[in-house]
Amino acid sequence: MPRLLALSFFLGLLATACAPRRPAPGAANEPRPDVVLEGARLRSYEGDTLQVSGTAARVNYRRAGGEVQATNVVVTLPPGKGSPPSQQAGTTISAPNMDGSLASKTWVGTGGVVVKTGEGLVANTPRLTYDSEARRAHGEEGVTMKGPDYQMRADRFTLSAADQTFTFEGTVQAVLGGATE
């Protein structure tokens, strides 16, 4: 009988040791990334043409779906061909978090996204979705923008990275004649 009790105790320990570990309360239940990069420099090309460049504090990549998650991201979208000299600096987008997909060629910035154009316009939005094939960004959660002689707010927006133009929709409020804090 002691042997049977010892054997069943041993099998119980073995089963417990081999059981899948449960994540700690509050831990993400996501699979581990295949690649983790710290202090990454980013560049995306279409053929020989640079489409996006930038930096990220950390990048997680999962091969299975081509998913990318990055933190503290700053990317620059170069201006389109034939852009006027005032737009040659391109558009810079920064966000605390960006999730993207290599398959769909889209990424989403969250956590307080800031957009700066080469002409000095600064836009703030909680969330921005960028489609790299169309070179367009849009947001559905509101945007505030400040320029050299105006400020505005809108419910929704679209940004064309090629010519650095914004289109605003929904309720739009503008103050002309000088931006104030």
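Every read-out reported here was derived from the displayed coordinates using simple, explicitly stated rules and does not represent laboratory data. Model, not experiment: these values are computed from the prediction. We place every Cβ from the backbone using ideal geometry, glycine too, and count neighbours over all the protein chains shown.
See the values below:
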{"read-out": "Net lengthening on full extension, Asp99/Val114 (0.36 nm per residue, minus Cα-Cα)", "value": "3.8 nm"}
{"read-out": "Theoretical gain in end-to-end length, Asp155 to Asn124 [0.36 nm per residue, Cα-Cα removed]", "value": "10.0 nm"}
{"read-out": "Net lengthening on full extension, Thr55/Glu169 (0.36 nm per residue, minus Cα-Cα)", "value": "38.0 nm"}
{"read-out": "Label-point separation in nm, Asp48 to Val35, each point 7 Å along Cα→Cβ", "value": "2.4"}
